[in-house]
1. What's the magnitude of the charge dipole for the range 27-74 around its Cα centre, counting Lys and Arg as +1 and Asp and Glu as -1 at the beta-carbon? Answer in Debye, nearest 20.
2. Within 10 Å of each candidate Cβ there may be at most 16 other Cβ atoms; applying that plus a DSSP loop requirement, which GluC sites (Glu not before Pro) in the range 412-498 survive?
3. Write out the cysteines belonging to the chain for which the nearest other cysteine Cβ is not under 4.7 Å, or none if no such cysteine exists.
4. Along the range 493-505, what does the Karplus equation 6.51 cos²θ - 1.76 cosθ + 1.60 (θ = phi - 60°) give for ³J(HN,Hα), rounded to whole Hz, x for Gly and Pro?
5. Residue by residue, what Karplus-based ³J(HN,Hα) values in Hz, rounded to whole numbers, does the range 337-345 have, using 6.51, -1.76 and 1.60 with θ = phi - 60° and x for Gly and Pro?
6. Only Lys, Arg, Asp and Glu count, each charged at its Cβ (+1, +1, -1, -1), so figure out the dipole size of the range 32-145 about its Cα centre, rounded to 20 debye.
7. Could you tell me which residue out of Leu574, Ser642, Ala590 lies farthest along the dipole of the range 568-648 toward its positive end? Charges go on the beta carbon: Lys and Arg +1, Asp and Glu -1, centred on the Cα centre.
8. Carbon-plus-sulfur fraction of the accessible area of the chain, 1.4 Å probe, in percent?
Amino acid sequence: MSDIKVYPVDKEGAKSAWINEESYQQLYQQSVDSPDVFWADQAKRLDWITPFTKVKNTSFDPHNVSIRWFEDGELNVSQNCLDRHLATRGDQVAIIWEGDSPDESLNITYKELHEQVCKFANALKAQGVKKGDVVTIYLPMIPEAAVAMLACTRVGAVHSIVFGGFSPDALAGRIEDAGSHFVITSDEGLRGGKCVPLKKNVDLALNNPNVKVEHVVVIKRTGGDVAWSEGRDLWYHELMATASADCPVEVMNAEDPMFILYTSGSTGKPKGLKHTTGGYLLYASMTHQYVFDYKDGDIYWCTADVGWVTGHSYIVYGPLANGATTLMFEGVPSYPDSSRFGRVIEKHKVNQFYTAPTAIRALMQQGEDVLGDSDLSSLRILGSVGEPINPEAWEWYHRIFGKGQCPIVDTWWQTETGGIMIVPLPYATAAKPGSATRPFFGVQPRLVDNEGTELAGATEGNLVIADSWPGQARSIWGDHERFVQTYFSTFKGYYFTGDGCRRDGDDYYWITGRVDDVINVSGHRMGTAEVESALVAHPKVAEAAVVGYPHPIKGQGIYVYLTLQAGEDGSEELSKELKAWVRNEIGPIATPDLIQFAPGMPKTRSGKIMRRILRKIAEDDFGALGDTSTLADPSVVEDLISNRQNRL
Ligand code: 6R9
């Protein structure tokens, strides 16, 4: 690996940066040697209603997993994101909204955002929403999504955002699991010129008898026709028209729940990760400032959706806690054409741009001039998130977006971590394309072998984190035991990330991908078990096994092996029908890429499917199948190989 290119730190830029090579070393050392001192100091960036006297009280012991930060402190998130900025930057733009159509955009100042949030908070209260209630948000990327999130935090309600691309069934499951009685949605969403029937999806979800929702607040986005359930459904604009703009904040304990966010795991239903108030906000705010070297007046754009954790931490909470100007984009990179990202950067003079490798690869495929004549000279820092970025895409991003001038921050983190964990701080760490490099303050990554023994030096293993950091999820909603099992039982004394990782001779971390049955499709986490259970629900399917395979744009694609019920035959038509079935059951992001009909699965004598073999065949790497002697019927492997769908 000696031919890896190193991009040294820009010394000129470092002079005015928040963090440089020296201060990184020094602060990092302090953060792990004296976490109480370090975090007490950092916590001054927030406004506390009641100051905390205790900083860190955490245990990763599987018999007693307990994570508490600033536990006797009190604060309010919306006050930190809005009220405290009013005196100094009330007229500054908080949110630049760029619509799906390039002709539509909007600037919302801190004063205006504050007013809308206060009104909506009052409207929620008037409908019976109380501190601790769970409010489900199922919205497109419109400013009201941020208003709804902040209004929840203002009244102490716990929001649970469900990505607008999820199906009615997936939505129903999340509403039920969270015990949520309130839903906020819009008539329709608009992406790439197409309408997404959000209200209709909510109506379908609420047909499920296990879902007990009192009120659905509907925001008018497109004006499309919607069905209406009198008494249950309420128009947002009608509530806002009469709501008072005076709404004192609810005083929240630092450890009160702030939001739930569902994510996929290797087994079972999606897990609702629980994040709490003080530690999360502190960590989101601090990482946003330092990772993007955010300075007053900068225009910052993260292209994620608020339905994912990246949208929570780096569109809404981190930036707004810092009094930043954050750009929110409703559309897609390819509409009206593939120069859109460039056009938006030029139009709003974006300084920091944060996107996903899958988007970069999709643009890269269109050629060097994909961004047209867009003026990108405002850009200063580029970010990447969601999956490993391959060095070719990194180099292209650096050259085409950054004109070779902008540091790239490859940010490794997870829904569970709340904020960025491993990253080259832009003016402190020399970059190596493809490496997330070094830990953020307070983060102690370790590599362990499969027995849990720590590995030293340059090596490869399972990525674990040795001690807590403030942004960490505290539990799984309603199932603490599952939280303990999933993250703290495999390797005792550590938080287990589920990722594999290599460490090089410079102590740089290189994430190699998931080591569990989670696949990462276009930066979206998908549990193979979820897709399998959707497939076996189809009457013609007897058995399904799902694995990931390398996909040039999505990173990983979804490869399905299917055994049909006796008497059924595989066909192109059935393949199409099954793809549509999964789309409908889970959502478009779960659509299988390849389906292989397989009369038999490779199973051990005890009946367990050997996924290792299925993965290898899907990777078109069947020369390295390894030991197949434990298979009940080794001949099925021959059939699987000769009918494989992915010939690379
Ligand atoms: C923020 C987010 C988390 C999983 C994670 C890992 C992968 C994210 C990455 C990365 C390599 C990066 N991942 N960022 N892998 N380099 N910079 O994406 O959260 O949706 O929970 O996914 O994504 O596998 O474990 P989430």
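1. Values: 5 positive and 8 negative charges, 15 e Å.
In debye, rounded to 20, the range 27-74 gives about 60.
2. Details: sites: Glu416, Glu451, Glu454, Glu460, Glu481; in loops: Glu451.
Listed in order of number, the matching sites are Glu451.
3. Unpaired cysteines in the chain: Cys81, Cys152, Cys195, Cys302, Cys406, Cys501.
4. Using θ = phi - 60°, the values come out as x, 10, 8, 9, 7, x, 9, x, 7, 10, 10, 9, x Hz.
5. Listing the rounded values in order: 8, 6, 8, 4, 4, x, 4, 5, 4 Hz.
6. On the way: 12 positive and 18 negative charges, 99 e Å.
For this selection, approximately 480 debye.
7. Of the listed residues, the answer is Ala590.
8. 48 percent
The values are calculated or read from the model by the stated rules, or taken from the named source; none is laboratory data. Owing to the predicted nature of the structure, the values given are computational and were not obtained by experimental measurement. Every residue, glycine as well, gets a Cβ built from its backbone with ideal geometry; the counts of neighbours run over all protein chains shown. Only protein heavy atoms, including side chains, enter the accessible area calculation; ligands, DNA and RNA are left aside. Shrake-Rupley method; radii C 1.70, N 1.55, O 1.52, S 1.80 Å.
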